[in-house]
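One structure below.
Throughout, read-outs are computed from the coordinates displayed, never taken from laboratory work. Not measured: the values here are computed from a predicted model.
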Amino acid sequence: MIWLLVIVIIILSMLLFNDKRKTKMITGKLRDILENHSRERIKFYNLSGNKKELVKQINIFLDRYQHISIDNKNYKEQHQKMISNISHDIRTPLTALMGYVDLLSDNSIIEEKKEEYINIIRERGVNLKELMEEFFQMAKLECNDVEIVIEKFNISEIVRQNIITFMNEINERNITPKINIGDEEVFALGDKSSTNRIITNLISNSLKYGYEGKVIGIDLTVDDQWVKLSVWDKGKGINKNGLPYVFDRLYTAEKSRNRNLQGSGLGLSIAKKLAEDMKGSIEVESTPYEKTIFTVKLPVSKG
């Protein structure tokens with residue numbers, strides 16, 4: 001496709017330029033720029049009128065072509081990294097799971113150990129299932145294969161449901177919840193299921209990585225344009241170097257070997273994509289051990 005455009009440009013050059021030397025010069029320079037991915041551009045050579053405009057448009061084309069080439073290269077590198085990370089993330093729990101299955105085949109182990117191994121296998125199986133569901137969800141989102149139904153819905157109710165769902169885990173970790181969602185029901189404009197997924201991901205993320213702060217906060221506010229939901233904690237947070245990459249696919253700031261602290265790196269990326277698909281946004285601010293806050297904005301329902 002690129003070379004077809006190059007041929008078109010060369011033909012146009014030949015039609016507009018009577019000077020064969022200039023035509024040859026421009027053709028050679030264009031070929032050199034494309035073959036060597038050079039940042040050079042074709043000079044105007046004191047041209048005027050249509051000829052000058054043609055050279056200008058050729059240079060614009062070269063700029064766009066170069067941006068596309070860079071984007072494609074970055075995408076390929078990210079795609080290769082993603083495949084590698086996915087393979088690792090699946091292989092690790094699967095290997096551990098199969099190891100415990102092998103242990104169960106040993107007839108000499110006592111009944112208590114069997115029960116322990118079965119519980120571990122069940123836990124690893126659940127983790128693997130959740131991991132696969134996240135990969136599947138991200139793949140569907142990137143292919144625009146997720147149906148987003150924009151309608152008025154009660155976001156206050158979804159927040160309350162999530163608080164109830166996570167309350168046992170909050171209590172088990174001795175974390176103090178600070179909930180500020182107001183007494184009046186708040187209605188947003190978006191997809192109810194997608195919003196539930198975003199809230200679930202944010203609370204889960206905060207409990208997993210911010211538990212050391214021993215507090216989790218959920219604030220819900222509304223103005224004339226936006227419904228704003230904030231989930232915050234006082235844990236280890238994210239350093240300033242990591243903040244720009246928080247929503248990237250498979251990025252995880254937690255480098256711990258503790259499997260309970262390791263995530264797929266897809267939860268926040270999924271949350272961001274869903275928020276944007278609903279014409280909203282998600283942002284993060286973090287001061288380690290003071291406050292890390294994720295804020296989701298969705299259009300307010302005025303009806």
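Numbers at a glance
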quantity: Backbone HN-Hα couplings from phi across the range 93-98 [Karplus 6.51/-1.76/1.60, Hz, Gly and Pro as x]; calculated: x, 5, 4, 5, 4, 5
quantity: The range 151-299 pair-distance distribution - Cα-Cα, 5 Å bins, rounded %; calculated: 2, 10, 20, 24, 21, 15, 7, 2, 0, 0
quantity: Semi-axis lengths, Å, the range 98-211, gyration tensor of Cα atoms, sqrt of 5 times eigenvalues; calculated: 37, 21, 10
